[in-house]
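Asks: Before we start, here is the structure in question, set down as structure tokens.
Derivation of every value follows stated rules applied to the coordinates shown; laboratory data play no part. Computed from a predicted model, the values in this text were never measured in an experiment. No Cβ is skipped: glycine too gets one built from the backbone with ideal geometry, and neighbour counts run over all protein chains shown.
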Number of protein chains: 2
Amino acid sequence: MLSLDALDTPVATVDLDAVERNIARMQGYCDEHGLAFRPHIKTHKLPAIAHMQVEAGAVGITCQKLGEAEVMESAGMRDILMTYPLVGSAKAERLAALAAEVVVAVAADSERVARDISSAAAAAGVEVGFLVECDTGFHRTGVQSPADAAALAELVESLPGLRFDGLMTYPTAPESSAWLGRARTEVEARGMRVSRVSAGGTPSAFTNHLGGVITEVRAGTYVYGDRSCIASDSVPLEDCALRVRATVVSRPSSDRAILDSGSKTLTSDPVAWTGETGHGLVVEYPEAHIYALSEEHGHVDVGGCSPGPDVGEVVTVVPNHACGCTNLHDEVVVHRAGRVVATWPVAARGKIR
Amino acid sequence: MLSLDALDTPVATVDLDAVERNIARMQGYCDEHGLAFRPHIKTHKLPAIAHMQVEAGAVGITCQKLGEAEVMESAGMRDILMTYPLVGSAKAERLAALAAEVVVAVAADSERVARDISSAAAAAGVEVGFLVECDTGFHRTGVQSPADAAALAELVESLPGLRFDGLMTYPTAPESSAWLGRARTEVEARGMRVSRVSAGGTPSAFTNHLGGVITEVRAGTYVYGDRSCIASDSVPLEDCALRVRATVVSRPSSDRAILDSGSKTLTSDPVAWTGETGHGLVVEYPEAHIYALSEEHGHVDVGGCSPGPDVGEVVTVVPNHACGCTNLHDEVVVHRAGRVVATWPVAARGKIR
């Protein structure tokens, strides 16, 4: 069998044993607490891992862009939640076409999106589930108050082609459950039923049972882990499945090593949620610090290593952000304990529409 | 003819008129000063624009990764400089195969790379040009002193399959010419000829004639421009050819708009060289500030706009870093004055090896 050591670098690798551990842990948590689990495929972008997640018990998948959903539908996924406001008739019509084939729901925060999707769904003779996106503290998308959530729910309920399903938020914060509970009460007071309350994000995933409001967990990064997950204590280093093998291509000075992996390979995404700096964790040299990235160069301070790697040495890097990293790679090499299993095209990579 | 307005978003667009102006300006500068010009294709990654550059007078192209060079060779490029240390026999053999077809030179800073390439080139019966990379102040790759440059040149001269061509640096700083002049003197004192002194980088491109040492200019970003080029006064906004058309998908509050373009579309690369924050310039709303990116969300402070764009409105964003941006896009839509000319696959995108 081919070993990872035989591969030219840089190369993105995925440890399938670690993926299985991560899937089992998250699904186990959801099963224990009676929560539905709906993994976000933006992390791996791979049909094979989506199938592993569904086989382990996930109720379906989460996507953001229609191009991702179309790849996953073509690969056999049958229940897709789009946690993204799909604006305009072109996207609404693609969504309606998808809804004719598989179970589809969307989350959004505006009348505009509700009306766009309603028109296309009604014209296509399909029904699309609709979750009202709630801003429970992150201040990205989402309606701003429980009253606004109820008002949008009422509009959705009145529109053809839409079925009001419930509420959605990202990420789950300590205050999210109370917010969502108030919104549920407001919606129910207007005579509607909230059948799903969906909450997302890996760092907070294991808190979703607290509060008793959330019914569905979404998480993506948990499946690979990354430096951000290590920083937030959500995935330990040994379960970080996605790693980049990189070669030292220059040692211009005693304290500096240059890797063949820069922002085009590792992503220039920062470590999320915490203030940590740097651009990845060098597993073999924990004292090393990737202090800067050019597109093809990782600039590493190896002053704390004695003597640090030579030109030609291969090291393993856990990237800051798994999702941003996989979006850069046309393929990943999957392995078990360093023995290559297969090379998988990252089928849903680069799907920005 | 199709208008850009008819395209679904997000979409990366390239203004061919602006590209032509940028090519003419840089080639004109080099011609005026008797400098060879060798554009770096990492910005556009497109055979069509590489041909436009060569037709305008470029002596050849610059690539970093072999995968880029292979795409460009297959598209008809005949003179390629690899400004990247190619380590290991796998890459050396690919380089030697390329050198059997087209004129190839490499830049590197170590004995290891020189010996790897020498072995492969000698075995293949080809000759590869070699430029010694010099660290003239950026502190990335490059030998650390003129004496080290001369020592590596002497080794290169002694190795089969290699031809010592000269010196290379990136980027050009005010002190680079003096450094390179000292290195040239040291090399010549050992009886070797320095036939090329190649210097790179868009912000400093128009200073390369100063000092009288540099003979070849490399630049990449000049061809598209970006927010970094605006910040460094190297390309004006009106010549920024690469722009992302983005739709407002949420207006959760009076001061916040969310675009359908996040780090997967705009790149999370920062503005280079200056301390500017933010993630792109919204052309139609110069007061708007893209203060954060999620993968698919551009978080925009529109508090300074009155009232700012509605959900559904399309805006145009000049990204922070053109090269990082094009690496995210499978295709770009090329246009003249907003009329679509063609959709070009970004052929050398994602070539990390």
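Asks: Step through the residues of the range B:146-153 one at a time and calculate ³J(HN,Hα) from phi using the Karplus curve (6.51 cos²θ - 1.76 cosθ + 1.60, θ = phi - 60°), rounding each to whole Hz and writing x for Gly and Pro.
Replies: The phi angles translate into x, 5, 5, 4, 5, 5, 5, 4 Hz.
Asks: Is the C-alpha gyration tensor of the range A:1-107 telling us rounded, prolate or oblate? Criteria: a/c under 1.5 is rounded; beyond that, a/b larger than b/c is prolate, otherwise oblate. Numbers along the way, then the final one.
Replies: Working: a/c = 2.58, a/b = 1.42, b/c = 1.81.
The shape class here is oblate.
Asks: By a straight-distance test (C-alpha under 12 Å), which aspartates and glutamates pair with residue A:264 as possible cross-link partners, with residues fewer than eight away in the same chain excluded?
Replies: Leaving aside aspartates and glutamates fewer than 8 places away in the same chain, those within reach of residue A:264 are A:295, A:296, A:330, B:269.
Asks: Per the Kirkwood treatment, what hydrodynamic radius in Å, one decimal, follows for the range A:79-205 from the mean inverse distance over all distinct Cα pairs? Mind showing how you got there, number by number?
Replies: Numbers: mean 1/r = 0.0699 Å⁻¹.
Computed over the range A:79-205, the radius equals 14.3 Å.
Asks: To two decimal places, what compactness ratio does the range B:266-353 give when its Cα radius of gyration is scaled by 2.2 N^0.38 Å?
Replies: Working: Rg = 14.7 Å, N = 88, 2.2 N^0.38 = 12.1 Å.
Computed over Cα atoms of the range B:266-353, the ratio equals 1.22.
Asks: Now for a different question. Over the residues of the range B:31-74, compute the C-alpha Rg and express it relative to 2.2 N^0.38 Å.
Replies: Values: Rg = 10.6 Å, N = 44, 2.2 N^0.38 = 9.3 Å.
Output field value: 1.15.
Asks: Another question about this same structure. Between residue B:144 and residue B:101, what is the label-point separation in nm under the 7 Å Cα-to-beta-carbon projection?
Replies: Between residue B:101 and residue B:144, the simple spin-label model gives 3.9 nm.
Asks: About the Cα centre, and with charges only on the beta carbon of Lys, Arg (+1) and Asp, Glu (-1), how big is the dipole of the range B:1-116? Nearest 20 debye, please. Provide the component values of the computation, followed by the final result.
Replies: Numbers: 11 positive and 17 negative charges, 80 e Å.
Charge dipole of the range B:1-116: 380 debye, to the nearest 20.
Asks: To continue, here is another question. Over all alpha-carbon pairs of the protein assembly as shown, lay out the pair-distance distribution in 10 Å bins, whole %, shortest bin first.
Replies: 3, 15, 24, 25, 17, 10, 4, 1, 0, 0
Asks: In addition: Taking a ≥ b ≥ c as the square roots of the Cα gyration tensor eigenvalues, with a/c under 1.5 meaning rounded and otherwise prolate when a/b beats b/c, else oblate, which class fits the range B:155-224?
Replies: Working: a/c = 3.10, a/b = 1.65, b/c = 1.87.
It comes out oblate by the Cα gyration axes.
Asks: Using +1 at the Cβ of each Lys and Arg and -1 at the Cβ of each Asp and Glu in the protein assembly as shown, identify which of A:183, A:169, B:104 lies farthest towards the dipole's positive end.
Replies: Toward the positive end, the furthest listed residue is B:104.
Asks: Once both labels are modelled 7 Å past Cα along the beta-carbon direction, what's the residue A:185-residue B:195 spacing in nm?
Replies: It works out to 8.3 nm between the two label points.
Asks: On alpha carbon coordinates alone, what is the Rg over Rh value for chain A, Rh being the Kirkwood radius?
Replies: Working: Rg = 21.6 Å, Rh = 21.2 Å.
Across chain A, the Cα-based Rg/Rh ratio is 1.02.
Asks: Another question about this same structure. Can you give the helix-only mean residue ellipticity at 222 nm for chain B, where every DSSP H stretch with n ≥ 4 adds -39500 (n - 2.57) and the sum goes over all residues, rounded to the nearest 500 deg cm²/dmol? Could you put the intermediate results ahead of the total?
Replies: On the way: 10 runs with 101 residues, N = 353.
One gets -8500 deg cm²/dmol as the mean residue ellipticity at 222 nm.
Asks: For a quick protection proxy, order the peptides B:44-56, A:3-15 by their average other-Cβ count within 10 Å, most packed first.
Replies: Details: B:44-56: 20.6, A:3-15: 18.8.
Ranking the peptides B:44-56, A:3-15 by packing returns B:44-56, A:3-15.
Asks: Place a +1 charge on the Cβ of each Lys and Arg in the protein assembly as shown and a -1 charge on the Cβ of each Asp and Glu, then give the dipole magnitude about the Cα centre in debye, rounded to the nearest 20.
Replies: Details: 60 positive and 90 negative charges, 120 e Å.
Using Cβ point charges on Lys, Arg, Asp and Glu, the protein assembly as shown gives about 580 debye.
Asks: List the extent of the Cα atoms of the range B:215-315 along each of their three principal axes, largest first, rounded to whole Å.
Replies: Cα spread of the range B:215-315 along its principal axes, largest to smallest: 55, 25, 23 Å.
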